[in-house]
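Chemist: Dropping the structure in here first, questions after.
The values are calculated or read from the model by the stated rules, or taken from the named source; none is laboratory data. Keep in mind that what you see is a predicted model, and the values were worked out from it rather than measured. We place every Cβ from the backbone using ideal geometry, glycine too, and count neighbours over all the protein chains shown.
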Amino acid sequence: MSTGFPHADARSGFDRERRRRALAKIVSRLRSEPDDVSEMLPFEEVVGALGRRSEHDLGVEVIPLDSIVGTVDRRRGEFDRSFRPTTPGVRERWENIAQARRRGAALPPIDVYRVGDLHFVKDGHHRVSVARALGDTDIEANVRQIDTAVGAEPELRPGTLPLKRHERVFGERVPLPPAARARIQLSDEWRYAELATLVEAWGFRASHARGRLLSREDMADAWFREEYEQVTRFLHEAGVGGAGTETERYLRIALLRYLLLHTHDWTDAVVERLLGEVRAPSAEDDTMVHQILKEMR
């Protein structure tokens, strides 16, 4: 809404955005969303977790405003993820830009880094905030592309960065082709380390069986085809393994196989024993075994 007085409209616009920020926090709490769901993403921490590979300039592009979710070098406490002001300290600059926009002044493109489909502001935080407040859907930006080892999804939050970091390290230890890699999904960062250790142990035994040392790429490919795909297919057909992703079900049964039977082989006897353990609580006083069995029921 415009009164025709840029100064008054800018001032009321800033107050309105602050109220929207407060309301958004209340709604988020009522929905029991994670505490960091509205936090702006920190560029360096994101790139560090995902693994920087290369970067290059793309020039000026028109980008969606809702793809801008982070900051490069500005204090994260000044705006939330939707670029609503979180502190009165940005009022003066915000209102000056809002007045310029309402008077029809041309503003220069902002500067952003692109990671996947996400953008991080290097210069232009107030311009982004004002543009969103005025109902714009896109903005001109000087874009610098950052290529990373692991992709950045729109749902990325500060709290999920440790998971992404472990996912990246798993990819370095077990370099699967993209299609196979996409099927490896875990919700606990430490289980990526457990899975990588299992795969490396499998690769060591496979190298002995073949009489030659497998490269990491060959090890990963062979493990996926000969072990992972076969076991996950069996778990799906048998309807066992517990909740979660197919990778979580695989990891449970693979760990249980070794903890109970100290073997990495799959035989009819091994399968029969494990299925029996899943259907009837184990009497063994083993905390990890009991935890895995609990997750599988």
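Chemist: Taking the stated definitions as given, is ALA182 of a type in the set (A, V, I, L, M) and either on the phi > 0 side of the Ramachandran plot or surrounded by 12 or more Cβ atoms within 10 Å (Cβ to Cβ) (or both)?
Modeler: Values: of a type in the set (A, V, I, L, M): yes; either on the phi > 0 side of the Ramachandran plot or surrounded by 12 or more Cβ atoms within 10 Å (Cβ to Cβ) (or both): no.
No: the conditions fail for ALA182.
Chemist: Which residues, counting only those in segment 179-195, are closer than 10 Å to HIS166 by Cβ and small (Gly, Ala, Ser)?
Modeler: Once the filter is applied, which keeps residues that are closer than 10 Å to HIS166 by Cβ and small (Gly, Ala, Ser), segment 179-195 yields only ALA193.
Chemist: Please indicate, with yes or no, whether at least one residue in segment 68-85 is among the acidic types (Asp, Glu), outside any helix (DSSP H, G or I), surrounded by 14 or more Cβ atoms within 10 Å (Cβ to Cβ) and without any contact (Cβ under 8 Å) to a residue 60 or more places away in the chain. Show your work before the answer.
Modeler: Initial filter on segment 68-85 (among the acidic types (Asp, Glu)): 73, 78, 80.
Filter again for outside any helix (DSSP H, G or I), leaving 73, 80.
Filter once more, keeping what is surrounded by 14 or more Cβ atoms within 10 Å (Cβ to Cβ): 80.
From what's left, without any contact (Cβ under 8 Å) to a residue 60 or more places away in the chain: 80.
Yes, segment 68-85 contains at least one residue that is among the acidic types (Asp, Glu), outside any helix (DSSP H, G or I), surrounded by 14 or more Cβ atoms within 10 Å (Cβ to Cβ) and without any contact (Cβ under 8 Å) to a residue 60 or more places away in the chain.
Chemist: Search segment 1-34 for residues being loosely packed, with under 15 Cβ neighbours inside 10 Å and of a type in the set (A, V, I, L, M, F, W, C), and hand back the single one that is modelled with the highest pLDDT.
Modeler: LEU23
Chemist: Moving on. So is VAL37 assigned to a loop (DSSP other than H, G, I, E, B) and surrounded by 13 or more Cβ atoms within 10 Å (Cβ to Cβ) or not?
Modeler: Yes: the conditions hold for VAL37.
Chemist: Same structure again: Examine segment 105-112 for a residue that is at pLDDT 95 or above and either closer than 20 Å to ALA8 by Cβ or hydrophobic (A, V, I, L, M, F, W, C) (or both), and state whether such a residue exists.
Modeler: yes
Chemist: Among the residues that make up segment 170-185, is at least one of them in contact with a Gly (Cβ under 7 Å, 6 or more places away or on another chain) and under 30 Å from GLY77 (Cβ atoms)?
Modeler: Applying the first criterion (in contact with a Gly (Cβ under 7 Å, 6 or more places away or on another chain)) to segment 170-185 yields 181.
From what's left, under 30 Å from GLY77 (Cβ atoms): none.
Checked against the condition, which is being in contact with a Gly (Cβ under 7 Å, 6 or more places away or on another chain) and under 30 Å from GLY77 (Cβ atoms), segment 170-185 yields no hits at all.
Chemist: Sort out which residues of segment 147-165 are surrounded by fewer than 20 Cβ atoms within 10 Å (Cβ to Cβ) and over 11 Å from the mean Cα position of the chain (by Cα), and write them in order of number.
Modeler: ASP147, ALA149
Chemist: Run down VAL143, VAL121 and say which single residue is at negative phi and in contact with a Ser or Thr (Cβ under 6 Å, 6 or more places away or on another chain).
Modeler: Values: VAL143 fails: in contact with a Ser or Thr (Cβ under 6 Å, 6 or more places away or on another chain).
VAL121 is the lone residue from the list that is at negative phi and in contact with a Ser or Thr (Cβ under 6 Å, 6 or more places away or on another chain).
Chemist: Based on this model, can you work out whether GLY104 counts as closer than 22 Å to LYS164 by Cβ, outside any strand (DSSP E or B) and either touching a strand residue (DSSP E or B) at 6+ places or on another chain (Cβ under 6 Å) or small (Gly, Ala, Ser) (or both)? If you could, list the steps in order and put the result at the bottom.
Modeler: On the way: closer than 22 Å to LYS164 by Cβ: no; outside any strand (DSSP E or B): yes; either touching a strand residue (DSSP E or B) at 6+ places or on another chain (Cβ under 6 Å) or small (Gly, Ala, Ser) (or both): yes.
Here the answer is no, as GLY104 does not meet what is asked.
Chemist: Which of the residues belonging to segment 107-121 are touching a strand residue (DSSP E or B) at 6+ places or on another chain (Cβ under 6 Å), farther than 13 Å from GLU61 by Cβ and without any contact (Cβ under 8 Å) to a residue 60 or more places away in the chain? Break it down into steps so the answer makes sense when it comes.
Modeler: Our first condition is that a residue be touching a strand residue (DSSP E or B) at 6+ places or on another chain (Cβ under 6 Å); within segment 107-121, this holds for 109-115, 118-121.
Now narrow it down to the ones that are farther than 13 Å from GLU61 by Cβ: 115, 118, 120-121.
Answer for segment 107-121, where residues must be touching a strand residue (DSSP E or B) at 6+ places or on another chain (Cβ under 6 Å), farther than 13 Å from GLU61 by Cβ and without any contact (Cβ under 8 Å) to a residue 60 or more places away in the chain: just VAL121.
Chemist: Out of contact with any strand residue (DSSP E or B) (no Cβ under 8 Å at 6 or more places or on another chain), within 27 Å of LEU275 (Cβ to Cβ) and part of a helix (DSSP H, G or I), is that true of PHE170? Even if it seems obvious, please write down each step before you answer.
Modeler: Details: out of contact with any strand residue (DSSP E or B) (no Cβ under 8 Å at 6 or more places or on another chain): yes; within 27 Å of LEU275 (Cβ to Cβ): no; part of a helix (DSSP H, G or I): yes.
Criteria not met by PHE170.
Chemist: Please find, within segment 1-34, the residue that is nearest to ARG114 (Cα to Cα) out of those that are in a loop (DSSP other than H, G, I, E, B) and among the hydroxyl-bearing types (Ser, Thr, Tyr).
Modeler: Just the residues of segment 1-34 that are in a loop (DSSP other than H, G, I, E, B), to begin with: 1-5, 31-34.
The next check asks that each one be among the hydroxyl-bearing types (Ser, Thr, Tyr); those that pass are 2-3, 32.
Details: SER2: 34, THR3: 37, SER32: 30 Å.
Going through the qualifying residues, I end up with SER32.
Chemist: Quick check on segment 220-258: of everything there that is surrounded by fewer than 18 Cβ atoms within 10 Å (Cβ to Cβ) and among the hydroxyl-bearing types (Ser, Thr, Tyr), which residue is modelled with the lowest pLDDT?
Modeler: Out of the qualifying residues, it is TYR258.
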